[in-house]
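Here's the structure, in C-alpha cells; my notes come after.
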Amino acid sequence: MAAEKISVQACIAGGGPAGMMLGFLLARAGVDVVVLEKHADFLRDFRGDTIHPSTLEIMHELGILDDFLKLPHQEAHVLKAQFGEMTMTFADFTRLPTHCQFIAFMPQWDFLNFIAKRGARYPAFKLRMRAEVTGLIEESGRITGVYAAAPDCTLEVRAQLVVGADGRHSDVREKAGLKVEEYGAPMDVLWFHLPRRPGDPEETTGRIDVGQIFIMINRGDQWQLGFVIPKGSHERIREHGLPAFRDSVAKLAPFLADRVGQLRDWEDIQLLTVRVNRLKQWYRPGLLCIGDAAHAMSPVAGVGINLAIQDAVAAANVIVAPLREGRLTDDHLRQVQKRRELPTRLTQRFQLLIQNRVIKPTQDRRLLGNGAGKFKPPLLIRLVRRFAAIRRLNARLVGIGFRPEHVMV
C-alpha cells in the first residue's frame, strides 16, 4: 500500500465528543490539527445522547448554540423517576445559572456531524475517517506521532502532541502503557428501541421497582430504552428467552405492552458493559488522554459526554499557546490532568454512591428471591423526595458538574 506522511501540531485519535470538540477548538485557535476516526461515519447508536446545560453553555460561548438547537432534539427541564408506586423529581434544572436550563436529548451522531461541519470551516482542521491508529511513534522516550491504517494507504502522522480520545477501550492508552485503576460496577445495560405513539408519556424518566431498573428516554418518534441487569447476567437472561424479556419490559412499562413484540431477535438488543475506571497518569511526554480514554464513566446521570467535553475545553485552554509557539512540555499536560482529575474523581464517587446505595441493593433483592411485595425506596431516594435543596443540588451536579469549563481560547 502507498504510504502518506502528514505533519501537524496536534494529532487526535478518536472522533468522539472529546476528540471532535478538542479538534474544533484547536483549529479555531489556529493550531494545525488532524482528527483520526476509525469508522466511516458517526452512525453508532446507544452512545451518550444527553447534551447537558454545561455543554450547551460552551456552545453559547462559541457562538453556535442557536444553530445547534435547530437540530431535532427533545428537552428535559426536570429528571423524574418512579420508585415502586412513588413518582418523584430527582433533579430540577430550571434554576441553573445557565442559558439553557434543560438537558437536550440528541443522537450523538448529529452532535458530532455538527461539530465536524463547524470545524471544516477552519483551514487548520482536518478530519480523516476510516483511519485507525495502529501504533505510536516514539523517539528518545517521547511520543512524536502515530501510524494509522486507511483504506488506500498507511499514514505516518508526526505531531508535537498526540491526544488519545478513542474511548473506554482506548488503543492509544494501551499502546502507551498507561495504567488504569478499575472501580467496578454492579450492572450492565441492555439498550433497545421501541416506537413512541400518541398518548405515551412525554417525559424522559426511569423506573425502579422490586429488583428491576428501567430507563425510558423520549427520542421523539421512538423510545430509547435501557434495561439494567446485574453485572455478568446477560447470558442467563438470554437463556430465559426473548418472550420472558418482553414480559419484563411490559410489566415495568405497561403502555409498551402492545409493541414489545417488535423485539423479534436478540440482535435488536445491544449490551453496554458498564465500567468505571480512571488512569493514574493521563499523559506521557508527547501524549495526553482525555474523555473515556482517561476515565470511563458509569451511565448513571448520563454525564460522560459532558465530562469528556469539559476535558477538551480544559485541554485546549492549556495547550493552545504552547502548541502554536512550539514549546509544549510535560508540565502543560500535567496541568490538564490536575485541572480535570478532581471533578472526575468526585463525579465517579457520586456515580458509585448511586450504584452502591440504590442500584446494587435493588438487584440484590431480586437475586436473593425477594422480588415479591412492594418496593420501598432507599433512604437516599426518600431524602431527595423530601428536600427541594437536594433536588437543586442534583441538578447542579448533573447539569453543570463539579468544575465547569469555559472557552478561553
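Taking the range 85-101, which residues are among the hydrophobic types (A, V, I, L, M, F, W, C) and open to solvent by 20 Å² or more (accessible area, probe 1.4 Å)? Once the filter is applied, which keeps residues that are among the hydrophobic types (A, V, I, L, M, F, W, C) and open to solvent by 20 Å² or more (accessible area, probe 1.4 Å), the range 85-101 yields M86, F90.
A count restricted to the range 242-301 and to residues that are among the small types (G, A, S) and under 30 Å from D171 (Cβ atoms) stands at 7.
Scanning the range 111-133 for residues that are surrounded by fewer than 16 Cβ atoms within 10 Å (Cβ to Cβ) and either over 17 Å from T154 (Cα atoms) or without any contact (Cβ under 8 Å) to a residue 24 or more places away in the chain (or both) gives K117, A120, R121, P123. The number of residues in the range 250-282 that are open to solvent by 20 Å² or more (accessible area, probe 1.4 Å) and closer than 19 Å to R340 by Cβ comes to 3. Restricting attention to the range 284-305, the residues being open to solvent by 10 Å² or more (accessible area, probe 1.4 Å) and not basic (K, R) number 9. Restricting attention to the range 164-207, the residues that are over 30 Å from E37 (Cα atoms), open to solvent by 20 Å² or more (accessible area, probe 1.4 Å), part of a strand (DSSP E or B) and not polar (S, T, N, Q) total 2. Among strands (runs of 3 or more DSSP E) entirely within the range 30-102, having at least 3 residues that are in contact (Cβ under 8 Å) with a residue 40 or more places away in the chain singles out 33-37, 78-83, 86-92.
Of all residues assigned to the range 38-57, at least one qualifies as being surrounded by fewer than 24 Cβ atoms within 10 Å (Cβ to Cβ), among the aromatic types (F, W, Y) and within 22 Å of C289 (Cα to Cα).
Would you be able to say whether some residue in the range 138-150 is surrounded by 20 or more Cβ atoms within 10 Å (Cβ to Cβ) and under 17 Å from L62 (Cβ atoms)? No, every residue in the range 138-150 fails to be surrounded by 20 or more Cβ atoms within 10 Å (Cβ to Cβ) and under 17 Å from L62 (Cβ atoms). Condition check: within 10 Å of the chain's Cα centre (by Cα), open to solvent by less than 40 Å² (accessible area, probe 1.4 Å) and aliphatic (A, V, I, L, M). Does A315 satisfy that? Taking the combined requirement at face value, the residue does not satisfy it. For the range 151-163, the set of residues classified as touching a residue at least 40 places away in the same chain (Cβ under 8 Å) and open to solvent by 50 Å² or more (accessible area, probe 1.4 Å) consists of D152, T154, R158, Q160, listed by residue number. Among the residues of the range 337-362, those that are open to solvent by less than 80 Å² (accessible area, probe 1.4 Å), over 19 Å from the mean Cα position of the chain (by Cα) and not polar (S, T, N, Q) comprise V358, I359, P361. Screening the candidates R340, R366, R391 for the property of being of a type in the set (K, R) and either at pLDDT 95 or above or not in a helix (DSSP H, G or I) (or both) yields one hit, R340.
The values are calculated or read from the model by the stated rules, or taken from the named source; none is laboratory data. Bear in mind that the values here come from a model prediction, so they are computed numbers and not experimental data. Counting neighbours? That spans all protein chains shown, and the Cβs are built from the backbone with ideal geometry, glycine included. In case anyone asks, the SASA skips ligands and DNA or RNA and just uses the protein heavy atoms, side chains included. Shrake-Rupley method; radii C 1.70, N 1.55, O 1.52, S 1.80 Å.
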